[in-house]
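Everything below concerns the one structure shown next.
The values are calculated or read from the model by the stated rules, or taken from the named source; none is laboratory data. The shown structure was predicted, so the numbers you read here are calculated from the model rather than taken from an experiment. Please note: Cβ atoms are built from the backbone with ideal geometry, for glycine as well, and neighbour counts cover all protein chains shown. The area values use the complete protein model at the heavy-atom level, side chains included, leaving out ligands, DNA and RNA. Shrake-Rupley method; radii C 1.70, N 1.55, O 1.52, S 1.80 Å.
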Amino acid sequence: MKRILIIGATSAIAEHCARIWAAEGDALHLVARNEQHVQVIASDLKVRGASEVTTYVTDLNNMDKHEELLDVADAALGGVDIVLITHGTLSNQKSCELSVKETLAEIQTNALSTISLLTLNANKFEAKQSGTICVISSVAGDRGRASNYVYGTAKAMVTAFTSGLRQRLQKSNVSVVTIKPGFVDTPMTAEFKKGLLWVKPISVAESIVRAIDGKKTEVYVPQFWFVIMLIIKILPTKIFKRLDL
Ligand SMILES: NC(=O)c1ccc[n+]([C@@H]2O[C@H](COP(=O)([O-])OP(=O)(O)OC[C@H]3O[C@@H](n4cnc5c(N)ncnc54)[C@H](OP(=O)(O)O)[C@@H]3O)[C@@H](O)[C@H]2O)c1
């Protein structure tokens, strides 16, 4: 039985990961800001076989609560083996362009709050010389594009931060797994027209659980995004800046 802390547990992708773990009889501690929603998910996970489900409600932008939330998770689970960090917001690029305040709020939610949680978790796992930290970044962090560079900047921060963290922690037997999804059909993207490149959250969740079990490092989900982003990354800036991406 694994003891798993899920931060941002009302996310569609997180919920599907939790269902997989519940079916395996794992113990889950769910952190989210919407109390009613997280209670519904917790009840469902118990029915699905989780050995234990506990919850903690907070807005993750309240970073003063981060130490407390990790201590509560430790106490609830009797120690944490895996932490999955999934919360995020898809920034409105156009309104961010008109508002420094909104831009920084997006960076706060999608990068700074995550970096705070990564740092505190890393120190706990380093001290006990075990554990897996998994965080959802995005292909959007691979190269800034006009259509979503505020969100992309935040995700690039998370990807770079986890790259350094992974190197630091490899000698402490701690895995750091960075997930880079492409387009996923979840509430976050409800307003988008869906096409061939889109996948369902369940398939992303299956990839996440496999990546954690396999102690992977950086994982594109689905894998074809590795090729797409490779092409986008190697395009010379002279050409790239003229493209409508
Ligand atoms: N969907 C995609 O195409 C896609 C692609 C690449 C990466 N991702 C990343 O995947 C992760 C999961 O997103 P999703 O697709 O599963 O979307 P989702 O279902 O909309 O989940 C986003 C979650 O983040 C939570 N959240 C946002 N701000 C928060 C805050 N300040 N405090 C606490 N919780 C907060 C939301 O809580 P509420 O329900 O209370 O609002 C929601 O549960 C995100 O990091 C996202 O950036 C998604």
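Within this structure, Ile4 fails the test of being open to solvent by less than 30 Å² (accessible area, probe 1.4 Å), modelled with pLDDT of 95 or more and within 11 Å of the ligand (Cβ to nearest atom).
Residues considered: Gly141, Gly88. Of these, the only one that is within 15 Å of the ligand (Cβ to nearest atom), open to solvent by 20 Å² or more (accessible area, probe 1.4 Å) and under 15 Å from the mean Cα position of the chain (by Cα) is Gly88. The set of residues in region 26-60 being touching a Ser or Thr at 6+ places or on another chain (Cβ under 6 Å), in a loop (DSSP other than H, G, I, E, B) and open to solvent by 20 Å² or more (accessible area, probe 1.4 Å) consists of Asn34 alone.
Total residues in region 44-85 satisfying the condition of being under 29 Å from Glu191 (Cα atoms) and within 18 Å of the chain's Cα centre (by Cα): the figure is 8. Among the residues of region 69-120, the ones that are among the β-branched types (Val, Ile, Thr) and touching a strand residue (DSSP E or B) at 6+ places or on another chain (Cβ under 9 Å) come to 7 in all.
Restricting attention to region 207-238, the residues that are open to solvent by 40 Å² or more (accessible area, probe 1.4 Å), within 14 Å of the ligand (Cβ to nearest atom) and either assigned to a strand (DSSP E or B) or closer than 24 Å to Asp26 by Cα (or both) total 1. Is it the case, given these coordinates, that Leu117 is in a helix (DSSP H, G or I), over 15 Å from the mean Cα position of the chain (by Cα), within 13 Å of the ligand (Cβ to nearest atom) and under 27 Å from Arg168 (Cβ atoms)? No; evaluated as a whole, the condition is false for this residue.
Entry remark, region 167-183: residues being away from the ligand (no atom under 16 Å from the Cβ) and not in a strand (DSSP E or B) number 7 in total.
Before we move on, is Gly164 within 25 Å of Ile234 (Cβ to Cβ) and within 16 Å of the ligand (Cβ to nearest atom)? No; evaluated as a whole, the condition is false for this residue. Any residue at all in region 95-114 that is over 28 Å from Leu245 (Cβ atoms), open to solvent by less than 10 Å² (accessible area, probe 1.4 Å) and more than 14 Å from the ligand (Cβ to nearest atom)? No, region 95-114 has no match at all.
One residue stands out in region 145-164 among those that are under 15 Å from the mean Cα position of the chain (by Cα) and open to solvent by less than 20 Å² (accessible area, probe 1.4 Å): the one that is nearest to Leu245 (Cα to Cα), namely Gly152. Give me a count of the residues in region 7-42 that are closer than 15 Å to Asp81 by Cβ and within 14 Å of the ligand (Cβ to nearest atom). Qualifying residue count for the region: 3. I'd like to check something: does region 63-76 contain any residue that is touching a Cys at 6+ places or on another chain (Cβ under 8 Å) and surrounded by fewer than 16 Cβ atoms within 10 Å (Cβ to Cβ)? Scanning region 63-76, I find no residue that is touching a Cys at 6+ places or on another chain (Cβ under 8 Å) and surrounded by fewer than 16 Cβ atoms within 10 Å (Cβ to Cβ), so the answer is no.
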